[in-house]
Each structure stands twice: as C-alpha cells, then as structure tokens.
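The values are calculated or read from the model by the stated rules, or taken from the named source; none is laboratory data. These numbers come from a predicted model, not from an experiment. We place every Cβ from the backbone using ideal geometry, glycine too, and count neighbours over all the protein chains shown. Note: accessible area is taken over every heavy atom of the protein model, side chains too, but ligands, DNA and RNA are not part of it. Shrake-Rupley method; radii C 1.70, N 1.55, O 1.52, S 1.80 Å.
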Amino acid sequence: MKKLILTTILLIIFSGIVSAQGKFFTRTGSIRFYSETPVENIEAVNTQASSIFDTDNGDIVLSVQMIGFEFEKALMQEHFNENYVESEKFPKSTFKGRIVDYDQSIFSGASKAEVTVEGELTIHGVTKNIQTVATVQKTDDKIQAHAEFEVKVADYNIKIPNAVINNIAESILVTVDLNMEPYNK
Amino acid sequence: MPFLIALLIIVFSYGTIQAQDDLLDLLEEETSTDSEPSFTYATFKGTRIINGQSVENTAGGNLNFVIQHRFGKINDGWYEFFGLDQASIRLGLEYGVSDRLNIGIGRSSYLKTFDGYLKFKILRQSTGARKMPLTMSIYSNAAITSMKWSEPERENYFSSRMTFATSLLLARKFSNAFSLQLTPSYVHRNLVDTKEDQNDVFAVGIGGRIKISNRVSINGEYFYQLPGTNADKTYNSVALSVDIETGGHVFQIMATNSRGMIDQQFIANTTGDVTNGDIYFGFNISRIFTLKKK
C-alpha cells in the first residue's frame, strides 16, 4: 500500500516534469488579418503573438496584444484601436484550445500533418467556440504551425458604422503562423 | 483503497479541465515580464483642441488638409443672419515628417496672414516597460500679415509684419474618455500699435475633451493671459466644440469669442466679449491623405 502511494506520487511528479519538457513556446508568432471588399482591402499584421503548445496532450494557447497590430495607414490603426476593437478596454485577444483526437505520432514524420484545432477564441471581450484546420510540422527541434480561419466581425460585438460599412468585410480572414521552440523552465 | 482511487481520479480529471487555463496563465506570466512600453494614442481626435494646437500630430508620411472657418458674431442679429453672412477662413496644410515632427503652412483671410510652424513631440505618455505620465510637445510658429500699411507715407519695415508664438503642450489622457492639456504660451509681436502695448504676451491655456461615444467628443478650451496692458485691452479666448470623426475626416463644430485662428491672434488679440454675446460660430474640417504608406 505504501509502495503504491509512493509510486503514484512519483508518477505525478514525473508526469509534471515530462509535460514541462513537452511544451513549445514562442513570443514572436505572426497573426495577420485581411479584410477584402470592392472598395478597399485592409491588412494588418502583429508579429508579437505569444503561444504555448503542449505536445503531451495537444493543448494550445495563444495571446496577442491588440495594440500591436500594424496597418499600412496610421489612421486605420488608430481607428482600429480606438473605435473597433477598443484596445484600451480589451487589450488582449486569446485563444485556448486543443488539437482534436491528438496523437503525438503526427510529429514523427518529416511531412506536414493536417490537424483540426478547436477551442475558445476571445476578441473584444466576447468568447466564441471556433474550429479550424491547421498544419503542424516538426523540424529539428522546432514546431511550425499554420492556420487560417474566418472571423465574423458581428460575432464579437464589433460595430461598424454605416458610413464605412462598404469598406470593411463582414468576415475577416485571420492567418496564424507560429515557429515554436522548446520551452525550458 | 477505493478512496485513494477516487482521489486520483479527481486529481487527474481536475488536471485536464484546468490544463488549458493553466497554460494560458503560464503564457501570461511569460509575456508580462518583457513587454515593451505601450504608448498612449488618440489623446485628442484632431491636431487642434479647438483654436489651439493639441499634442496630436499628423502621422509620419501623412498630409493633413485643414479648413478652418469662422462665421460672424451672432449678436450682429437678423440683418447679418446672426453672423452666418460673414466668413473668415484659414486654409492649412500639415505634413508629418515623422510621427514626432510636423511642419505646417496656412493662410488666413483675417488680417491676410500667412503662417508656418513646427510641432515636435518630445515625450510620449506610456505605460508598461517605461512609464511616462504625460505627452509633451513644443510648437512654434511665425506669421506674416500682408495687409496694406496703415500709414504708407512713413518708413515701414518688413519685420513689422511678423509675429511669433511658441507653446509647450503638456497633455495627459486620464482615461479613454477624458484628456486634459496645459499650454503655457508666449506670443511676440514685432510691431504693436502704441508704446504702451506689450510686444510680448504670456498666457496659459487649458483644454480638455470628454468623449461621449467612440466617434464624438466635447472639447473646451481657455487661454488665460497673464496680467498686463494687453490683458486689459483684449479678452481671454474661450471656445467650446463638438468633435465628430468619420473615417478620414474630423469635423469640429464650435462657438468661440476669437476671430483669428492662429495662436498670436486668438491668444493675444481676442476682441469678443462673451458676456456681450460676441460669439462666433465656426468649424474645422481636417482630411488626412496618406502619402507614404508604412
């Protein structure tokens, strides 16, 4: 009995250590969004997204500062922060989710593996469940991940005034690119 | 024994439910330490609070076309349609050499004046890695009136046409809705009417805004002249406006006792007495053109 308890405790401790080794991390992830309308196309990029991916269970989280999105036009950037996503009120957008039917063997091959990711996306203080297809690949000691998905502006309670309703797409294409390194701590 | 198994099940299931939240907490922990300074933006909507300059700059590579318009006095009554029959206008161009440095030129119909100026942002209000409580800019202009000489028979110098104004702009965005600016200012006129008149006038401006929605704010502005003969002869400038922002435009609709739209005119030469109803309605429109994309 004592042995069992001891083994269990040791197992828990060790599983903790093992899972720490299985984490991958980046703070320079790229998140790009693209709004296409006949009037104008609007694009913005943020290269300071941070993310942790746990290879033991397929959990993945992302966090990005809204103020870090860079636009071609300074005025657009100001309006984005001030009027649309209200960056002072809602400074961060986050995603927490996991790879569906996760299996560590996806990293064994040299080729890209296609996976389904699902989880909760929080933008502008509104949380929605999303699901998307992503590709992941492990080369050397790094993991590259890529995903594209559509975000409906209205879903996240972002109001577009009538004056510019033709300039901003109802649905924004979001592209995520992560190049993750082992997380040591 | 069953107790132990139950405990283990609880521990492990708790673990999986919590895992993603823990992971997010870990991420927040990792990223909070090295964050860069986060600079405050949009302390005011426009580059002018109403008459006076705000700490906002036209962004680097952008050209701002500013149309400023003041009607006549409302107490002129029905015959002048409460001032709307008359108009005084200033057309201005303002270019962002960088996000910090602006250069501008303008022409006012009032006293047929040309003006040119520089505005430079010295400090930027920020939070995060570097904390700065306020934004500080310096603004300096020179103006030349091209009015015909009032006494052409005497010897007139070109330098007599020149006036100057310099201000320090100290602003803080206290919250998303409320910003306040202090504007210590110095006006110099090369030529004044009489010996008793001051060539140099000192004043302190205070201006602020309250946002009533994401696109609409109410602004107020007051310039207090330090005591002197000029302060006795003229009135302190006061103005109230509503700012409306639509895409690339900012509209400011205002009421003020100042007719002039450049600093030396409204700080040191405001002739309207508010208590007497000497109020001018007017508006500023600014339109941004992006010349250089980032």
(request) For the range B:242-294, name all the residues that are in a loop (DSSP other than H, G, I, E, B), surrounded by fewer than 17 Cβ atoms within 10 Å (Cβ to Cβ) and among the hydrophobic types (A, V, I, L, M, F, W, C). (result) B:291
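Quick check on my filter: what residues within the range B:120-135 are part of a strand (DSSP E or B) and farther than 19 Å from residue B:167 by Cα? So that I can check it myself, show each step before the final result.
The first filter runs over the range B:120-135 and keeps only residues part of a strand (DSSP E or B), leaving B:120-123, B:126-127, B:132, B:135.
Result: B:126, B:127, B:132.
Taking residue A:106, is it open to solvent by 50 Å² or more (accessible area, probe 1.4 Å) and modelled with pLDDT under 95?
On the way: open to solvent by 50 Å² or more (accessible area, probe 1.4 Å): no; modelled with pLDDT under 95: yes.
For residue A:106, the condition - open to solvent by 50 Å² or more (accessible area, probe 1.4 Å) and modelled with pLDDT under 95 - is not met.
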(message) So in the range B:12-34, with the set limited to residues that are modelled with pLDDT under 80 and closer than 16 Å to residue A:98 by Cβ, which one is farthest from the other protein chains (Cβ to nearest Cβ)?
(response) B:13
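Among the residues that make up the range B:104-116, is at least one of them open to solvent by 50 Å² or more (accessible area, probe 1.4 Å), over 25 Å from residue B:70 (Cβ atoms) and in contact with a Leu (Cβ under 7 Å, 6 or more places away or on another chain)? Let's see the steps before the verdict.
To start, the set of residues in the range B:104-116 that are open to solvent by 50 Å² or more (accessible area, probe 1.4 Å) comprises B:105, B:107, B:109, B:111-112, B:114.
Checking the rest, the ones that are also over 25 Å from residue B:70 (Cβ atoms) come to none.
No, the range B:104-116 contains no residue that is open to solvent by 50 Å² or more (accessible area, probe 1.4 Å), over 25 Å from residue B:70 (Cβ atoms) and in contact with a Leu (Cβ under 7 Å, 6 or more places away or on another chain).
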(message) Against the definition (more than 12 Å from chain B (Cβ to nearest Cβ), among the aliphatic types (A, V, I, L, M) and touching a residue at least 12 places away in the same chain (Cβ under 8 Å)), how does residue A:64 come out, yes or no?
(response) no
(request) Go through (1) on the phi > 0 side of the Ramachandran plot; (2) out of contact with any helix residue (DSSP H, G or I) (no Cβ under 7 Å at 6 or more places or on another chain); (3) surrounded by 14 or more Cβ atoms within 10 Å (Cβ to Cβ) one by one and return the number of the condition residue A:124 breaks. (result) (2)
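Quick check on residue A:52: is it at the interface with chain B (Cβ under 10 Å from one of its Cβ atoms), more than 17 Å from residue A:123 (Cα to Cα), among the hydrophobic types (A, V, I, L, M, F, W, C) and surrounded by 15 or more Cβ atoms within 10 Å (Cβ to Cβ)?
Working: at the interface with chain B (Cβ under 10 Å from one of its Cβ atoms): yes; more than 17 Å from residue A:123 (Cα to Cα): yes; among the hydrophobic types (A, V, I, L, M, F, W, C): yes; surrounded by 15 or more Cβ atoms within 10 Å (Cβ to Cβ): yes.
Here the answer is yes, as residue A:52 does meet what is asked.
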(request) Looking at (1) closer than 21 Å to residue A:46 by Cβ; (2) open to solvent by 60 Å² or more (accessible area, probe 1.4 Å), find the lone condition where residue A:98 falls short. (result) (1)
